[in-house]
Amino acid sequence: MLRSDGEKALEWAANYLQRVGDLPVLAQVRPGEIRARLPATAPEEGEPFSAVLRDLDQVLLPGVTHWQHPRYFAYFAISASEEAILSELLAATLNSVAILWRTAPASTELEGVVLDWTAELLGLPSGWHGHIEDSASTSTLATIIAAREATGRDLVVCSEQAHSSVQKAALMLGMRWRAVPCDEAFRLRADALGDLGDAAAVVATVGTTATTSVDPVAQIADACERAGTWLHVDAAYAGAAMVCPEHRWAFAGVECADSVVVNAHKWMLTPMDCSLLWTRRPEALRSAFSLIPEYLRTPDAEDALSLSEYGPALGRRFRALKLWTVLRCHGRRGLQEHIRRGIELASLFESWVAAEAGWELCAPRPFSVVCFRVDGGDDHNRMLLERVNASGEIFISHAVLAGRYVLRLAVGQMSTTEDDLRRTWNVLRREAASM
Ligand SMILES: Cc1ncc(COP(=O)(O)O)c(C=O)c1O
């Protein structure tokens, strides 16, 4: 079964990656349409795997928005590399469940190793504890829980441009939340941090969601140090760019942070989900999360290595395998090339917008995201976004900056070429001209 069906599944995957650029990037379906095509109940008797593959093509594929498409430029464009796709198959084959070190020694220890390797690649201090969570939302939630435990305080502070996961964490924990204003480049204003005496945690962002702006981490770290406040750095997207020495300026001061999150599933060629969380205060996480019922008790030396004691989940899957695969198959050089290529393409697109009458750039561009708009007001730009996305040729998203609606193009796919970008620019100008 595995050999014959596996061949077909692999063939399907290889074919898909070859032709994904010809499919409409944004799913062209209405809400409920896919559900309506599916039976209301599971089959009584098992069906062959080929039936699943057939329905993947015929029923589900029209309802897929193609994140692996070379003209996917919305939110943060991401790529799952071929090697990492294969390692997901291997991880599922092993089906390791790391509830304790002894249930998954290789998974547990490889996780430590790849987090150390990645810390070195990104210029993070050596010797920090690192482990993998499913998402940056969970990583940030976990560190805020640890910060509350360590400080006994109940306030979370971040910039008005911070990701909504920070406010959501505070909300879920019943903690107070305060947003600090930003400067003209959408960076947290350190002089507006205010009194941190009540603050359990400040979350600084390196690469904000809207514009990829970089908060002044070193200044924020000083303020946190004075106030005894936990500093968490959210580098979910831009952290990957630190593999290139020329972008390390954005991590200045990060060595003084208490914790840092970088999503390998964003700009590091690793398939969803793989969020990397480091802390220099692992004991604070362990104190917040360690709860070992009798049935999970093993000798102390083993307990110390159970990563489930450092975060919310008990059962942890073998995510380290795909990251290890990426690091080995691409290396420092491959990751640097991927980042540099994305930034180069974004810079090219930015130059086209800058040179075109009737279009404007709306934010500085530190990395691979360009914020821009066409003359004509918020509704006009909103309508343009809907039109270009409905074309199926490209998919971009938007942000609201200083009260204005702007379009947002994020480069991050391995397969995106200059031709894809040129076509994208042509679609935007064509649709704008026809409005
Ligand atoms: C800066 C930043 N932080 C956190 C997140 C949340 O990431 P996740 O989907 O892994 O929870 C995002 C999502 O795009 C983000 O841009």
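Could you list all residues from the range 141-167 that are more than 17 Å from the chain's Cα centre (by Cα) and in a loop (DSSP other than H, G, I, E, B)? Listed by number, the residues that qualify are GLY152, ARG153, ASP154, GLU160.
Restricting the range 259-283 to residues that are surrounded by fewer than 23 Cβ atoms within 10 Å (Cβ to Cβ) and over 29 Å from GLU344 (Cβ atoms) leaves a set whose member that is farthest from the ligand (Cβ to nearest atom) is GLU283.
Look at (1) touching a residue at least 60 places away in the same chain (Cβ under 8 Å); (2) among the hydroxyl-bearing types (Ser, Thr, Tyr); (3) under 11 Å from TRP278 (Cβ atoms) and you find that SER135 fails only one, number (3). Would you please name the residue that is farthest from SER213 (Cα to Cα), looking only at residues in the range 150-167 that are surrounded by fewer than 20 Cβ atoms within 10 Å (Cβ to Cβ) and away from the ligand (no atom under 14 Å from the Cβ)? Top of the filtered list is GLY152. Among the residues here, ARG332 qualifies as of a type in the set (D, E, K, R), under 30 Å from THR93 (Cβ atoms) and more than 16 Å from the ligand (Cβ to nearest atom). Listed by first and then second residue, the pairs with beta-carbon distance under 6 Å, at least 6 apart or on different chains, first residue in the range 185-209 and part of a strand (DSSP E or B) and surrounded by 24 or more Cβ atoms within 10 Å (Cβ to Cβ), second aromatic (Phe, Trp, Tyr) and at pLDDT 95 or above, are ALA201/TRP230. Mind telling me which of the residues PHE349, PHE367, PHE372 ends up being in contact with a helix residue (DSSP H, G or I) (Cβ under 7 Å, 6 or more places away or on another chain) and assigned to a strand (DSSP E or B)? None of the others qualify; the one that does is PHE372. What pairs can you find where one residue is in the range 215-228 and over 27 Å from ARG365 (Cα atoms), the other is loosely packed, with under 15 Cβ neighbours inside 10 Å and at pLDDT 95 or above, and their Cβ atoms are less than 7 Å apart, with a gap of 6+ or different chains? Partner pairs satisfying both residue conditions: ALA227/GLY197.
Residues are listed down the side, and each one gets a yes or a no for (1) under 30 Å from PHE367 (Cα atoms); (2) surrounded by 14 or more Cβ atoms within 10 Å (Cβ to Cβ); (3) among the aliphatic types (A, V, I, L, M):
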{"site": "ALA27", "(1), (2), (3)": "yes, yes, yes"}
{"site": "GLU33", "(1), (2), (3)": "no, no, no"}
{"site": "ALA42", "(1), (2), (3)": "no, no, yes"}
{"site": "PRO62", "(1), (2), (3)": "no, yes, no"}
{"site": "HIS69", "(1), (2), (3)": "yes, yes, no"}
{"site": "ALA74", "(1), (2), (3)": "yes, yes, yes"}
{"site": "LEU90", "(1), (2), (3)": "no, no, yes"}
{"site": "ALA98", "(1), (2), (3)": "no, yes, yes"}
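Each row is one residue, and each column tells you yes or no for (1) under 19 Å from GLY392 (Cβ atoms); (2) touching a Pro at 6+ places or on another chain (Cβ under 9 Å); (3) at pLDDT below 95; (4) of a type in the set (Lys, Arg).
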position: ASP5; (1), (2), (3), (4): no, yes, no, no
position: VAL20; (1), (2), (3), (4): yes, yes, no, no
position: GLU33; (1), (2), (3), (4): yes, yes, no, no
position: ALA36; (1), (2), (3), (4): no, no, no, no
position: PRO43; (1), (2), (3), (4): no, no, no, no
position: ARG54; (1), (2), (3), (4): no, no, no, yes
position: ASP57; (1), (2), (3), (4): yes, no, no, no
position: LEU60; (1), (2), (3), (4): yes, no, no, no
position: GLY63; (1), (2), (3), (4): yes, no, no, no
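Counting only helices (runs of 4 or more DSSP H) that sit wholly inside the range 1-116, those with at least 1 residues that are in contact (Cβ under 8 Å) with a residue 24 or more places away in the chain and of a type in the set (Lys, Arg) are 2-19.
If ARG317 meets every condition in (1) assigned to a helix (DSSP H, G or I); (2) closer than 28 Å to SER79 by Cα apart from one, which number is that one? Evaluating ARG317 over (1) assigned to a helix (DSSP H, G or I); (2) closer than 28 Å to SER79 by Cα leaves (1) as the failure.
When SER96, SER126 are screened for being more than 19 Å from the chain's Cα centre (by Cα), of a type in the set (Gly, Ala, Ser) and under 30 Å from LEU2 (Cα atoms), only SER96 passes. Whether a residue is among the aliphatic types (A, V, I, L, M) and more than 26 Å from the chain's Cα centre (by Cα) was assessed, and VAL29 does not pass this test. Of the residues making up the range 361-376, those that are farther than 21 Å from ASP420 by Cα and either touching a strand residue (DSSP E or B) at 6+ places or on another chain (Cβ under 8 Å) or at pLDDT below 95 (or both) are CYS362, ALA363, PRO366, ASP375. Checking every residue in the range 168-182 against the condition of being aromatic (Phe, Trp, Tyr) and either part of a helix (DSSP H, G or I) or within 13 Å of the ligand (Cβ to nearest atom) (or both) gives zero matches. Set side by side, the residues CYS244, CYS256 differ, and just one is out of contact with any Lys or Arg (no Cβ under 8 Å at 6 or more places or on another chain), in contact (Cβ under 8 Å) with a residue 12 or more places away in the chain and away from the ligand (no atom under 16 Å from the Cβ), which is CYS256. Is the range 40-60 home to any residue that is within 25 Å of the chain's Cα centre (by Cα) and among the charged types (D, E, K, R)? No: zero hits.
The values are calculated or read from the model by the stated rules, or taken from the named source; none is laboratory data. Note that the structure is a prediction, hence the values are computed from the model and not measured. Positions of Cβ are backbone-derived with ideal geometry, glycine not excepted, and every protein chain shown enters the neighbour counts.
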